[in-house]
Amino acid sequence: MSINAALEQLKNVFGYAEFRHAQQEIVDTLIGGEDCLVLMPTGGGKSLCYQIPALVRDGTAIVVSPLIALMQDQVEALQQLGVDVGFLNSTQDHEQRWQITNQLTGGELKLLYLSPERLLMPDTLELLSQVNISLFAIDEAHCVSQWGHDFRKEYQQLDCLPEIFPNVPRVALTATADQRVRKEISTQLQLENAKHFVHSFDRPNITYHVVDANDARKQLWQFLSTQHPEDAGIVYCLSRNRTEQIADFLNDKGRTALVYHAGMSDEMRNANQRRFLLEDGIVMVATIAFGMGIDKPDVRFVAHMNLPKNLEAYYQETGRAGRDGLPATAWMAYSLKDVMTLNSFVEDSDAGQQHKQLMLHKLRTMLGWCELTTCRRIALLRYFDETMDAQCGNCDNCLSPPAVIDSTENARRALSCVYRTGQRFGVSYLIEVLRGSTTDTRVKQNSHDQLDLFGSGQTISAREWRNLFRQLIAAGYLVMDEEGHGGLRMDESCRPVLRGEVEILQRLQRKTERTKKGGSKTKTLIDQSDQPLFEALRGLRTRLAKEAGIPPYVVFPDTTLIALATHKPTEYQSLTSISGIGQTKQERYGDAFINVIRQFVE
Ligand code: ADP
Ligand code: ZN
């Protein structure tokens, strides 16, 4: 009986015909009054897992959400669907809070969103004890973990909920793929006995693409102008300065680029974030301060201008692309310089020695992933303890396998050079010696121009040497010194290489990236002949969104526009067969969209 009720809500409110993945089982479990822990990648459809039970069960569901912006977006989206929902947070005045409180005690709300801080206030707990609570949903549950990037100490205090509200089912949800963090969530939130739902963390609609930074800005432009000329996306940079430079560069090229970093005022940051959500096709150039709480489903690319510090961070950041399931790209330009910068960040941090070692290890794993010549998705998933049988066919290495050459001899020469110069110099110096250059005056001072191997690698370009060194570092044969000056020393493990017992295959850099003009990725999903209709529907969506002061995707996501442009329903009643159109949206926007479609069909 309850599952029918759930399906009915799915159809009537959200406009979807069926549940995805484990959604149905999760919904079932919660409706039945049991706890769950839900691990699903971004875009997997976590929100429905608690929103449907909230609608089906009696009472009000309490949703704990870490960020005010996130909370407001979700509430806005639910209101558009005609759901009775509210939030309590510090942005509200006394009057607004009083109103919500009244609705809550009057049993008028199906969902109430709260920050953990507010939930834990004695007043709030007192208030909640007077109402019928249908369930607790703890969103972004990885915030409970001290190991994650988003640690929030109040999350740990949420373990009081089962004691205070013993018969209310709880669900914790997260997109984190990190095993250690998952374990911590389970113990900290007392969910060991809950049903655990672990979905595959693969994001099949994201294409992974990694390039060796040569002129990263130019490479970025090449990527954007050919693959995403009109799409919205995020460009991550390591420093605030760099975000400003890249944004200027993109604006000069005619794109609308905004910046976001911790050095800006709150107002500026919020204004830029709001524009990113409300307008189409904006490029946000940001430090990693930007991202959490970005629920925008149509982010079509995430570009990294530097190597991220580890694979966990990389996966989380790139995961912000393509939440709507439509094609998206994770692009990265990285260089040896990034490795040195990140290395010195670690060395300069106040972390303990053991923690530093762990961070350096993770950095090297990240670098190693960039150097791969095989399927990137297989390696990514393996890192998160998932196996994938076949190559993905949707990463650069699958799409155009890189050429490799035998560089065993050169690798030995590079290692010898490190040894002969005393294991204290950085890559640039070592390349000078190998290429027989004395531009660096220290070469002569140290008499390294007298070495046998001085100038023995002249036929190889500095860039190729640099790539080879990077690969040797990634493989762990060479280690950066602890002072953070980029000096290299040899690791024990390089002995077999020196003895010529290990073959070193070097990945050749692709000469030019594919230059095919791709246009907007979304557009390629629509028949050429339906493009004008799609554009007209998009125009209408923009206008309606502006009038209502909400993001366009809250009116309808791209998937719904694509379905409308493809199926071209001309009758009001047939709108309900389109994915993403529930009753309220049909009433609110149905006529307007039907009118546009009719004009095209006639
Ligand atoms: P998450 O929170 O896991 O990142 P969301 O809950 O935001 O993901 O869902 C991602 C997108 O998928 C949303 O646009 C949502 O409406 C859509 N979606 C979720 N469940 C379904 C379903 N059963 N059928 C169709 N679309 C769905
Ligand atoms: Zn692949």
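Please go through segment 150-161 and pick out each residue that is part of a loop (DSSP other than H, G, I, E, B) and either buried (at least 23 other Cβ atoms within 10 Å of the Cβ) or not aromatic (Phe, Trp, Tyr) (or both).
Asp150, Arg152
Got at least one residue in segment 9-30 being farther than 27 Å from Asp298 by Cβ and in contact with a helix residue (DSSP H, G or I) (Cβ under 7 Å, 6 or more places away or on another chain)?
The answer is yes; a qualifying residue exists.
Which of the residues spanning segment 132-186 are among the acidic types (Asp, Glu) and either more than 28 Å from Ala379 (Cβ to Cβ) or modelled with pLDDT of 90 or more (or both)?
Asp139, Glu140, Glu154, Asp159, Glu163, Glu184, listed by residue number.
Could you tell me whether segment 21-36 includes any residue that is assigned by TED's automatic domain parsing to the domain that holds Thr105, within 22 Å of the chain's Cα centre (by Cα), open to solvent by 30 Å² or more (accessible area, probe 1.4 Å) and within 9 Å of ligand 1 (Cβ to nearest atom)?
Within segment 21-36, one or more residues are assigned by TED's automatic domain parsing to the domain that holds Thr105, within 22 Å of the chain's Cα centre (by Cα), open to solvent by 30 Å² or more (accessible area, probe 1.4 Å) and within 9 Å of ligand 1 (Cβ to nearest atom).
How many residues does segment 162-211 hold that are open to solvent by 20 Å² or more (accessible area, probe 1.4 Å), of a type in the set (Lys, Arg), touching a residue at least 60 places away in the same chain (Cβ under 8 Å) and within 30 Å of Gln391 (Cα to Cα)?
The total comes to 1.
Might you let me know whether segment 85-108 holds any residue that is out of contact with any Leu (no Cβ under 8 Å at 6 or more places or on another chain) and either crowded, with 17+ Cβ neighbours inside 10 Å or under 28 Å from Pro41 (Cα atoms) (or both)?
Checked against the condition, which is being out of contact with any Leu (no Cβ under 8 Å at 6 or more places or on another chain) and either crowded, with 17+ Cβ neighbours inside 10 Å or under 28 Å from Pro41 (Cα atoms) (or both), segment 85-108 yields no hits at all.
Kindly list the number of the only condition in (1) at pLDDT below 90; (2) open to solvent by 50 Å² or more (accessible area, probe 1.4 Å) that fails for Gly476.
Condition not satisfied by Gly476: (2).
Asp73: away from ligand 2 (no atom under 16 Å from the Cβ), modelled with pLDDT of 95 or more and not assigned by TED's automatic domain parsing to the domain that holds Val299, yes or no?
So Asp73 does not fit the description; no.
Give the number of residues within segment 336-377 that are within 16 Å of ligand 2 (Cβ to nearest atom), hydroxyl-bearing (Ser, Thr, Tyr) and either in contact (Cβ under 8 Å) with a residue 24 or more places away in the chain or within 16 Å of Asn306 (Cβ to Cβ) (or both).
1
Exactly one of these conditions fails for Arg463: (1) in a helix (DSSP H, G or I); (2) open to solvent by less than 80 Å² (accessible area, probe 1.4 Å). Give me its number.
With (1) in a helix (DSSP H, G or I); (2) open to solvent by less than 80 Å² (accessible area, probe 1.4 Å) applied to Arg463, the lone miss is (2).
Are there strands (runs of 3 or more DSSP E) fully within segment 1-112 with at least 2 residues that are touching a residue at least 40 places away in the same chain (Cβ under 8 Å)? List them.
The strands (runs of 3 or more DSSP E) meeting that bar are 36-39, 60-64.
Determine, yes or no, whether Leu415 is assigned to a helix (DSSP H, G or I), open to solvent by less than 60 Å² (accessible area, probe 1.4 Å) and either assigned by TED's automatic domain parsing to the domain that holds Asn343 or within 16 Å of ligand 2 (Cβ to nearest atom) (or both).
no
Report, by residue number, each residue of segment 436-460 that is within 27 Å of Leu508 (Cα to Cα) and open to solvent by less than 80 Å² (accessible area, probe 1.4 Å).
Listed by number, the residues that qualify are Gly436, Ser437, Leu453, Phe454, Gly455, Ser456, Gly457, Ile460.
For residues in segment 1-15 being of a type outside the set (A, V, I, L, M, F, W, C) and surrounded by fewer than 18 Cβ atoms within 10 Å (Cβ to Cβ), which is nearest to ligand 2 (Cβ to nearest atom)?
Lys11
Any chance segment 379-386 includes a residue that's of a type outside the set (Phe, Trp, Tyr), in contact with a strand residue (DSSP E or B) (Cβ under 8 Å, 6 or more places away or on another chain) and not in a loop (DSSP other than H, G, I, E, B)?
yes
When the residues of segment 385-399 are filtered to those that are within 8 Å of ligand 2 (Cβ to nearest atom) and hydrophobic (A, V, I, L, M, F, W, C), which remaining residue is farthest from Ala177 (Cα to Cα)?
The residue in question is Leu399.
Select, from Ile526, Ile581, Ile597, the only residue that is surrounded by 16 or more Cβ atoms within 10 Å (Cβ to Cβ) and either at pLDDT below 95 or in contact with a strand residue (DSSP E or B) (Cβ under 9 Å, 6 or more places away or on another chain) (or both). Can you show your working first?
Working: Ile581 fails: either at pLDDT below 95 or in contact with a strand residue (DSSP E or B) (Cβ under 9 Å, 6 or more places away or on another chain) (or both); Ile597 fails: either at pLDDT below 95 or in contact with a strand residue (DSSP E or B) (Cβ under 9 Å, 6 or more places away or on another chain) (or both).
Ile526 is the lone residue from the list that is surrounded by 16 or more Cβ atoms within 10 Å (Cβ to Cβ) and either at pLDDT below 95 or in contact with a strand residue (DSSP E or B) (Cβ under 9 Å, 6 or more places away or on another chain) (or both).
Examine segment 38-55 for a residue that is farther than 30 Å from Leu381 by Cα, of a type in the set (D, E, K, R) and open to solvent by 20 Å² or more (accessible area, probe 1.4 Å), and state whether such a residue exists.
No, segment 38-55 contains no residue that is farther than 30 Å from Leu381 by Cα, of a type in the set (D, E, K, R) and open to solvent by 20 Å² or more (accessible area, probe 1.4 Å).
Please determine whether any residue of segment 263-270 is touching a residue at least 12 places away in the same chain (Cβ under 8 Å), touching a Leu at 6+ places or on another chain (Cβ under 9 Å) and either surrounded by fewer than 21 Cβ atoms within 10 Å (Cβ to Cβ) or not assigned by TED's automatic domain parsing to the domain that holds Lys546 (or both).
Looking for residues that are touching a residue at least 12 places away in the same chain (Cβ under 8 Å), touching a Leu at 6+ places or on another chain (Cβ under 9 Å) and either surrounded by fewer than 21 Cβ atoms within 10 Å (Cβ to Cβ) or not assigned by TED's automatic domain parsing to the domain that holds Lys546 (or both), one finds none in segment 263-270, hence no.
Kindly indicate whether Asp73 is of a type in the set (D, E, K, R), more than 24 Å from Cys160 (Cα to Cα) and either away from ligand 1 (no atom under 16 Å from the Cβ) or in contact with an Asp or Glu (Cβ under 8 Å, 6 or more places away or on another chain) (or both).
Against the criterion (of a type in the set (D, E, K, R), more than 24 Å from Cys160 (Cα to Cα) and either away from ligand 1 (no atom under 16 Å from the Cβ) or in contact with an Asp or Glu (Cβ under 8 Å, 6 or more places away or on another chain) (or both)), Asp73 qualifies.
What are the residues in segment 279-308 that are over 14 Å from the mean Cα position of the chain (by Cα) and buried (at least 18 other Cβ atoms within 10 Å of the Cβ), if any?
Of the residues in segment 279-308, the ones over 14 Å from the mean Cα position of the chain (by Cα) are 279-283, 285, 305-307.
Hits for segment 279-308 are Ile282, Val283, Val285, Met305, Asn306, Leu307.
Tell me whether segment 347-356 contains one or more residues that are away from ligand 1 (no atom under 16 Å from the Cβ) and open to solvent by less than 20 Å² (accessible area, probe 1.4 Å).
Taking every residue of segment 347-356 in turn, none turns out to be away from ligand 1 (no atom under 16 Å from the Cβ) and open to solvent by less than 20 Å² (accessible area, probe 1.4 Å).
The values are calculated or read from the model by the stated rules, or taken from the named source; none is laboratory data. Note that the structure is predicted; figures quoted are calculated from it, not measured. Glycine also receives a Cβ, built like all others from the backbone with ideal geometry; neighbour counts cover every protein chain displayed. Side chains included, ligands, DNA and RNA excluded: accessible areas come from the protein's heavy atoms. Shrake-Rupley method; radii C 1.70, N 1.55, O 1.52, S 1.80 Å.
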